[in-house]
Amino acid sequence: MAQVNRTLLMRANRLLGANLVEANLIKIEDLEAANEKLLGVVAMDQPRQSTLLGILAYDMKIVKEDDLLQHIVDADGVGLVDMRHCELSDEIKKSLDLSACWATWSLPFDREEDFHFVATAYYLSPAVRAHWEKQLEGPILWFGATLEQIADCLEKLEAEQSHATSAAKPA
C-alpha cells in the first residue's frame, strides 16, 4: 500500500475508534487492545484484515457490526446498501483508487447528476468522509455497508483489473 494511503488507513482507524468510544459502542480499554492488534496486521500488508472494526467485531467480539450500522442510521440518518448486488459503471471503475478504498473501507458505487453514492463501513470516521469529499466533486450521499460486502466488491474489482491488465499484455 502506498505511504499516503497507509497514513489514511491509520487516521481512518484512529478516528473511527475514537468515535466508537464517544458513541459508547466500545470501551477505551477495548480500543487500545484492538489498536495493538491492528498495528500487527497493517505491518503484514493484508488489506482485508487491516480494519479496526473487523478486529473489534470479529476477533474480539466487542461490538456487532449490525449495532454500528443501526447507530449511524439512527444518529445520522445514513441509508444502508447491499453491495452484493451493485454493478459499478466503467466510468467509476476507471477512476477508482482501490488502495484508498481499502484504506477507508469505502466504495463510490454510483453517480446521479452531481451526486455521488458512497458505501462505507467507516462512516463514523471523519477522516474517511473528508477524504472522499475531497476526492469526489459534488455532494455525497453516504450509505452504510458491512465490511464483508465492501471487501468482496474490492476484491472483485481487483480481479477485474488484474484480468484486464494481463489480457492487454502482448503474448
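Note the angle between two axes, namely the Cα long axis of helix 3-22 and the longest principal axis of the Cα atoms of the chain, as a number of degrees from 0 to 90, rounded to the nearest 10.
With rounding to tens, the tilt is 40 degrees.
Multiply the residue separation of Arg6 and Leu39 by 0.36 nm, subtract the distance between their alpha-carbon atoms, and state the gained length in nm to one decimal.
10.8 nm
Under 5 Å between amide hydrogens, which residues at least 5 positions from Leu141 or on another chain qualify, with H placed 1.01 Å from N in the peptide plane?
HN-HN under 5 Å from Leu141: His116, Phe117, Val118.
Number of Lys-Lys pairs in the chain under 22 Å by Cα, sequence gap 8 or more or different chains?
Lysine pairs meeting both conditions in the chain amount to 12.
Taking the convex hull of the Cα atoms, report for region 79-168 its projected area averaged over all directions, in nm².
Over all viewing directions, region 79-168 projects a mean Cα-hull area of 5.7 nm².
What is the gain in length, in nm to one decimal, between His163 and Asp114 on full extension, counting 0.36 nm per residue of separation less the C-alpha to C-alpha distance?
My answer for the length gained is 14.5 nm.
Quickly work out the Asp66-to-Glu32 label distance, labels modelled 7 Å from Cα along the C-beta direction, and quote it in nm with one decimal.
Roughly 3.2 nm, to one decimal.
Spelling out what I want: for every residue of region 87-95, take phi, set θ = phi - 60°, compute 6.51 cos²θ - 1.76 cosθ + 1.60 (Karplus), and round to whole Hz; glycine and proline get x.
In residue order, the calculated couplings are 10, 7, 6, 4, 4, 5, 4, 5, 9 Hz.
Could you tell me which of rounded, prolate or oblate describes the chain, using a ≥ b ≥ c as the square roots of the eigenvalues of the alpha-carbon gyration tensor, with rounded for a/c under 1.5 and, failing that, prolate when a/b is larger than b/c and oblate otherwise?
Since a/c reaches 1.5 but b/c is at least a/b, the shape of the chain is classed as oblate.
What does the helix-only formula give at 222 nm for the chain: each DSSP H stretch with n ≥ 4 adding -39500 (n - 2.57), the total divided by the residues, and the result rounded to the nearest 500 deg cm²/dmol?
-17500 deg cm²/dmol
At R0 = 25 Å, how high is the FRET efficiency between Arg84 and Asp59 if r is their beta carbon distance? Nearest 0.05 is fine.
For R0 = 25 Å, the calculated efficiency reads 0.60.
Antiparallel versus total DSSP beta bridges in region 79-168: what percent is that, nearest 5?
DSSP beta bridges in region 79-168 are roughly 45 percent antiparallel.
Values quoted throughout were computed directly from the atomic coordinates according to the rules given, and no laboratory measurement underlies them. This is a predicted model, so every value here is computed, not measured. Cβ coordinates were reconstructed from backbone atoms using ideal geometry, including for glycine residues, and neighbour counts include every protein chain displayed.
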